[in-house]
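Remarks on the structure that follows.
A short reminder: the numbers here are calculations on the coordinates, not readings from a lab. Everything quoted here is computed from the prediction, not taken from an experiment. Here the Cβ positions follow ideal geometry from the backbone for every residue, glycine too, while neighbour counts run over all protein chains shown.
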Amino acid sequence: MTAFVRRWLRGLIATLILAGLPSAAGATTLKLDHPFCHAVTADTASSPADSAYSCVGDPVPYQHGTLWLSADLKPVEAARHDPVILIHQTRFERIMLAFHYADGSVDRQQVGRGDYGAHWRIGGQIAFAAPHRQAPLTGVTIGINRLASTSLLRIRILDEIAANRDLAIAAILSGGSITLLLISGIYNLSLAIAVRRQFLAWHSLWAGCMVLWGLFWSQIALIVMPSIAGTSAAQTCTLLACLAITMATISVTTALEQSMPRWARQCVIGLGVSITIVGTPASLVLGSSVDIFKSLLDVLSLSTLAAVALAIGWSWRQGSSEARDLAKSWALPMVMLALTQLFDFSDHLFGGGAQIAVLFASALQTIWLSITATLRFSTMRAELDQARAAESALAELASRDPLTGLFNRRGFVECLETTFAGSNDASLALLLMDLDHFKSINDQFGHETGDAVLIRIADQLRQFEREVAIAGRMGGEEFVVAISGLTNFSLAQFAERVRTSLGTLDHGDVSKHRLVTVSIGVAEGSTRTRFQRLYSAADRALYDAKRAGRNKVVFSSGLGDVGSREDMDRDQFSFPWTRKRA
């Protein structure tokens, strides 16, 4: 068993133990069969006579009238110390509550649909505090008008200290969980946009549904929308809960699309979507059909959980790393949701019951998934950066001459286009040069010596490279330099300086002090001139330099052909270039 599995099991056991603890010492959950007796009337005018109450069986029908509950609180320990009755919000029209004292006095309180007054508490509960009096509290009568289902009704009685503690902890858990869900939902949405992963977008929608559900269930939304209190909030919660399960199902199956057969994904998604289809009318009904829809949704929810668990397990077995991460992050909320369908959490987790358990587990899940997704995509990004760096290095190697390190023909042309892209028709000259009698060096001293000479020539040419100059090797003993911003006399000076510096290089240690001269052909154009035109003109000028005796600089007369430059006179310069005459 791995260390992670052991830690996860310990955390799960601790959570289950916490879920099994009562919310506060001395808390009593009031059920219809103990200690409540019940009666049903057609209106809300007044509570029925004592003889109308029955303490056995189920009250029917009550959905279109008022369900009256009466309990003797003398044996209830919590009722002796400033008691507070907490009723979990559900679907109803009005709640009327009366505290009975031993001296015959009665304190009456009530809330209605859309108007809880000051009785609502964060944590999805409505609080009725019994006023402190000298006479002891003897009983309580509760009238609930148009209650949708007794199965959704949870009533607890606590002393004031325990009630305040429960309500404070429930508020902290609810608010903290909703905040974490909101932050993680926004983060997952931004992560989905950044890495373009669809399942993260679905997960952020799930988190959004859970945030809204948490706001309505915990009653935090009543701060800005008090009119939704009661039935409207409960109906909204049902729809949002169904939507959340559907979004979660789609998110998981989308993440596993590479490791699951298409038919299996469609089946799992179909189960998830069916929950929203059934949940939509379930959120609207108010009568006895609520229990039918509730049972159907319980079955669909458990079936969907089982299908998702099988999908994750299958994909994990197929070697899917996404399935492993999903299993770790979704295990707790899936287990908690399953437990809430199978067990009654009414008097646990500080009065929040199943809802607060699912909300808290969901917050932990989305934090965990955010962390694992971030780590996974950080690793992928690092690997991608490494791949791009390797690709860039390979591209650089492909554009460089392996012997000299200068640009080869392909790299030279690409660099030329990149360097001068978008320039405003600036001057551009190409110096094409060839080593004189280089074959004799290879024949006399060997190819290793020839390579050493080429490397030294390249090193010298590299000295001329700057922001507007590029050097390259076209192949063999042919080199090239492109320079921008020089024309006429300044360009002639530059070309002569290149020829002189290369021709006076000392290769003594490899070629017995033999000098290696170069012939240079120069073609002038602009940054908009195609490379091939410049190259052809420079090549013709280089040919003329060779034919004129080598170790010369010859200028092309134009890009169409090579001839004497009419604006130049050999006597003007001390440089030994040769101009081709027409």
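Quick notes on this structure:
- Simple spin-label estimate for residue 152 and residue 335 in nanometres, 7 Å along Cα-Cβ: 3.0
- The alpha carbon radius of gyration of the range 136-286, expressed as a multiple of 2.2 N^0.38 Å, is 1.31.
- Local charge for residue 167 was computed over the other residues whose Cβ lies under 12 Å away, with Lys and Arg +1 and Asp and Glu -1, and equals +1.
- Sorted on the mean count of surrounding Cβ atoms within 10 Å across their residues, most packed first, peptides 181-193, 487-499 read 181-193, 487-499.
- From least to most packed, judged by other beta carbons within 10 angstrom and beginning with the fewest, 225, 96 follow the order 225, 96.
- Segment residue 559-residue 460, extension gain: residue separation times 0.36 nm, minus the distance between their alpha carbons: 32.8 nm
- Each label point was placed 7 Å from the Cα along the Cα-to-Cβ direction; for residue 161 and residue 49 their separation is 4.4 nm.
- Whole-number percent relative contact order across the range 35-151, with pairs defined as alpha carbons under 8 Å at least 6 apart: 35
- The distance linking the range 181-228 with the range 64-128 is 33 Å (Cα centroid to Cα centroid, whole angstrom).
- The loop-placed trypsin sites (Lys or Arg not before Pro) in the range 376-458, going by DSSP, include none that has at most 11 neighbouring Cβ atoms within 10 Å of its Cβ.
- Computed packing ranks the peptides 302-308, 500-506 as 302-308, 500-506, most packed first, by mean other Cβ atoms within 10 Å.
- Residue order, fewest to most beta carbons within 10 Å, for 527, 404: 527, 404
- The residue 298 and residue 388 beta-carbon pair, evaluated with R₀ = 60 Å, returns a calculated FRET efficiency of approximately 0.70.
- Taken along the Cα-to-beta-carbon direction at a fixed 7 Å, the label points for residue 58 and residue 42 span 2.4 nm.
- Fewest-first sequence of 242, 209, 55 by Cβ atoms within 10 Å of each Cβ: 55, 209, 242
- Restriction of the trypsin sites (Lys or Arg not before Pro) in the range 99-157 to DSSP coil positions whose beta-carbon has at most 14 other beta-carbons within 10 angstrom yields 133.
- Charge tally in the Cβ shell below 11 Å around residue 442, where Lys, Arg are +1 and Asp, Glu are -1, residue 442 excluded: -3
- Pairs of Cα atoms farther than 12 Å apart, the range 290-341, %: 66
- You can think of it this way: the chain between residue 317 and residue 133 has 59.6 nm of extra reach, that is 0.36 nm per residue less the Cα-Cα gap.
- Square roots of five times the Cα gyration tensor eigenvalues for the range 27-162, Å: 21, 18, 14
- Figure legend: label point modelled 7 angstrom from the Cα of residue 291 along Cα→Cβ; residues of the range 43-64 with amide N under 16 Å from it are 56-64.
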